[in-house]
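One structure is given here, and the rest of the page talks about it.
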Amino acid sequence: MQIDKSLELPYPGLTLRNIRSSDAEIWYAYLKNPDVIRHTSWNLSSVDDLLPQLSSFEGDLPNSSIRLAIVTQADDQLIGTVGFHTVSDLNRSAELAYDMAPEYWGKGIMRLAATALCEWGFHEAGYNRIQATVLESNSNSCKVLERMGFQREGYLRAFRMVRGKPGNFWIYALIHPELVAK
């Protein structure tokens, strides 16, 4: 699914926009880095493995996945992505996913980008629940989610295959602020 406009990112020199097929090469360039995929379920052999996903982000069905590119304003260069998959219009929920080139880690960028997308999800898409699953070894991603206000809800054993082996994941959730206030 495409978002109608760029989302504001309160980080100097960066913005969010819909991901494009022209982003595939640079996206793959950092996703093939062992440090990037170590704590994810990505299993890519080539840039071609990203192409079906990129085309799925162009769909306009209510349950279509959404992926935004985090880009530099100066040259529109992709440095990371943030999006929703497992979108359920019926349940008004989605699962948050993100990745970033290692040279941008630890700067608070992902927290800001994911927060902007979650706010859009609650206020524009009408989600009641946004969840995230995190490979148990990915303590940095757990910290990002916790700083955003996500609550750890449980432990999912053998939840998702991780490069041929069953991986254990933590599940986090963020509930629409109006529902929490009740």
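The values are calculated or read from the model by the stated rules, or taken from the named source; none is laboratory data. All of these numbers come straight from a predicted model, not from anything done at the bench. With ideal geometry, Cβ positions are generated from the backbone for all residues, glycine too; neighbour counts draw on all protein chains shown. These area figures cover heavy atoms from the full protein model, side chains too; ligands, DNA and RNA do not enter into them. Shrake-Rupley method; radii C 1.70, N 1.55, O 1.52, S 1.80 Å.
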TODO: Provide the solvent-accessible area of F169, counting protein heavy atoms only and rolling a 1.4 Å probe, rounded to the nearest 10 Å².
DONE: 10 Å²
TODO: Could you tell me the number of lysine pairs in the chain with C-alpha atoms less than 24 Å from each other, where the two lysines are 8 or more residues apart or belong to different chains?
DONE: 4
Open item on the list: Leaving out ligands, DNA and RNA, and with a 1.4 Å probe, what % of the accessible surface on the chain is carbon or sulfur?
Closed with: 49 percent
Task: Rh by Kirkwood over Cα pairs, then Stokes-Einstein D for the stretch 1-91 at 1.002 mPa s and 20 °C, µm²/s - done: 153 µm²/s
Task: Hz values of 3J(HN,Hα) by residue in the stretch 84-95 - Karplus curve (6.51, -1.76, 1.60), Gly and Pro given as x - done: 10, 10, 6, 6, 10, 5, 4, 8, 6, 9, 7, 10
- [ ] Please report, to two decimal places, log10 I(q)/I(0) for the chain at q = 0.11, 0.17 Å⁻¹ as given by the Debye formula with identical point scatterers on the Cα atoms and no solvent.
- [x] -0.45, -1.18
Open item on the list: I need the Debye-formula profile for the stretch 55-131: one equal scatterer per C-alpha, no solvent, reported as log10 I(q)/I(0) at q = 0.20, 0.25, 0.27 1/Å, two decimals.
Closed with: -0.87, -1.18, -1.28
- [ ] Would you pull out the residues with amide H under 5 Å of L156's amide H, same chain only if 5 or more places away, H placed 1.01 Å from N?
- [x] F169, W170, I171
- [ ] Lys and Arg at +1, Asp and Glu at -1: add these up for the other residues within a Cβ distance under 14 Å of K165 and post the number.
- [x] +3
Task: Residue-wise HN-Hα coupling along the stretch 42-48, computed from phi with Karplus coefficients 6.51, -1.76, 1.60 (Hz; x: Gly, Pro) - done: 4, 9, 10, 9, 7, 4, 4
Task: Gyration tensor (Cα) of the stretch 141-182, equivalent ellipsoid semi-axes in angstrom - done: 26, 11, 7
TODO: Sort the following peptides by mean Cβ neighbour count (other Cβ atoms within 10 Å, averaged over residues), highest first: 24-36, 44-56.
DONE: 24-36, 44-56
Task: Amide hydrogen neighbours beyond the local backbone of N128, cut-off 5 Å, H modeled - done: S93
TODO: Apply the Karplus parameterisation 6.51 cos²θ - 1.76 cosθ + 1.60, with θ equal to phi minus 60°, to every residue of the stretch 151-162 and state each ³J(HN,Hα) to the nearest whole Hz, in sequence, with x for glycine and proline.
DONE: 10, 6, 10, x, 10, 9, 7, 6, 6, 9, 6, 10
